[in-house]
Amino acid sequence: MGEPNPIDRVSTDDLMSLATEHGSTPMQVGAVLMLDARHGFDPEQAARLLTRRIQNVPRLRQRLVTVPFGCGRPVWVHDPAFDLAHHLSSVPCPAPGGEQAVLDLAATLIATPLPRNRPLWSAILVTGTAGPEAAGPDTPDTSDTSDTSDTPEHQAALIIVFHHVLADGIGGLAVLASLVDGAPGEPAPAPEYAPNEDFPRPMPSARRLVTDAARHRLQPTSLNRPTGARRRFLSIRLELGRVHRAARAHGATVNDVVLTAIGGALHRLLGQRGERVDRFVLSVPFSERRQTNAGELGNRSGVIPIDVPGIGDPAARLETVARTTRAAKQAPPGASTALLGPMFRLLARLGLFQRFVDRQRLIHTFVTNLRGPPGPLAIFGCPITALVPLSVATGNVTVSFSVLSYAGTLTITLNADPDACPDLPALGRLLAEQIDLLTR
């Protein structure tokens, strides 16, 4: 007789994603793969390929099951009724507008809770997405105003969304590595996709966490208001080499450039709203691992608050942020989910967690930043022309940012509640202007 299969329980970090899911939107993340389908795209063939390739990602065929009280953490179990039709659909692009129309569809998908009685992921194949708003990779601009001269015709897209308990950012890239053309037949280590800003692994004490929280308590602003269920995405794409050169010129990193630009853009956005804020606290997740494979997903991460100026000379602000992040690497004032998790889970059980996140005054926004595949990829026989990261913020964070590099391009996705942040297009333009200032 063979050895019994070991029980596959969620980790303590994974519990954070479950215990804190009491807000207006589910704890779901994902990506949009824009495809060059000018040589043809067959959704039925794509579904057949996907059916074979998900065999390499066991988690995509597993359900999360809650065990009786006292029996430990929830467990992952094989779903004997797995049916790809429950997870994958195909639709024509619902509106003209190219990439922005696809992002609007993705916003609806990511805000729709995934059924808990099935594997926690969903995907949509979108056909006929070519439109006047599809951005070229060298255009440091929002997708509302983009150049179409190099845009392939007859584009398609794949939107994929999964619950955060399934994987963090590093794990999501491992899933992608198993689904693209040329992926290995068995789960294997994915290429080393590291955060664009690496933080050290030591974790702070509980006393330090409390001290840092008190130090970072903020004055109320319109950036922190309770949010609703709707979301909207806006994407900016830049030449990665240009950002690298600007960073090196000031002893900084790509992530330093992005954080500096976000600080300047938020300052100007609040100025347009009649508010004056000169500094911002950005919560930056960091990973405790540099790589994983499709057989070992879940979450292993923490967060660190970074204080970013919003005013002053752009170069001086960048150098200030670079010094701040260097200091954070030496002695991080961050918090692992292993430390914060028990406190948040207790608040959730007491029904107090939502009250906490709806009124928190510790951070202005979240900024996730991952270094993705360095070279171009293809899926279903179609080159992937853009890889757009998706995430949502809950509680009173009205707008957040997801950053991902891919094949020489840096993509920044702005994620907002359109009711609490109705001027998202203006913020996109301000962010593009700030990055242009920093990379000239």
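Residue-wise HN-Hα couplings along the range 235-249, as the Karplus relation 6.51 cos²θ - 1.76 cosθ + 1.60 with θ = phi - 60° gives them from phi, are 10, 10, 10, 10, 6, 4, x, 5, 5, 4, 5, 5, 5, 4, 5 Hz; Gly and Pro carry x.
Fewest neighbouring Cβ atoms within 10 Å first, the residues His267, His364 line up as His267, His364.
Please work out the FRET efficiency for the pair Val65 and Ser89, using the Cβ-Cβ distance as r and a Förster radius of 30 Å; give the result to the nearest 0.05. All intermediate terms of the calculation are to be shown ahead of the outcome.
Working: r = 25 Å, r/R0 = 0.84.
Efficiency at R0 = 30 Å is approximately 0.75.
Here the Debye sum runs over all C-alpha atoms of the range 391-434 as equal scatterers in vacuum, and log10 of I(q)/I(0) at q = 0.28, 0.30, 0.31 Å⁻¹ comes out as -1.04, -1.10, -1.13. Exposure proxy for Met27, Met34: other Cβ atoms within 10 Å of each Cβ, ordered fewest to most, give Met27, Met34. Under a 5 Å amide H cut-off, with hydrogens placed 1.01 Å from N, Ala378 pairs with Asp181, Ile384 among residues at least 5 apart or on other chains. Other residues lying with their Cβ under 14 Å from the Cβ of Pro314 contribute a combined charge of -2, Lys and Arg counting +1, Asp and Glu -1.
Each value in this text was obtained by applying a stated rule to the coordinates, not by laboratory testing. Remember, predicted model here, so these are calculated numbers, not experimental data. Positions of Cβ are generated from backbone atoms using ideal geometry, with glycine treated the same way; all protein chains shown enter the neighbour counts.
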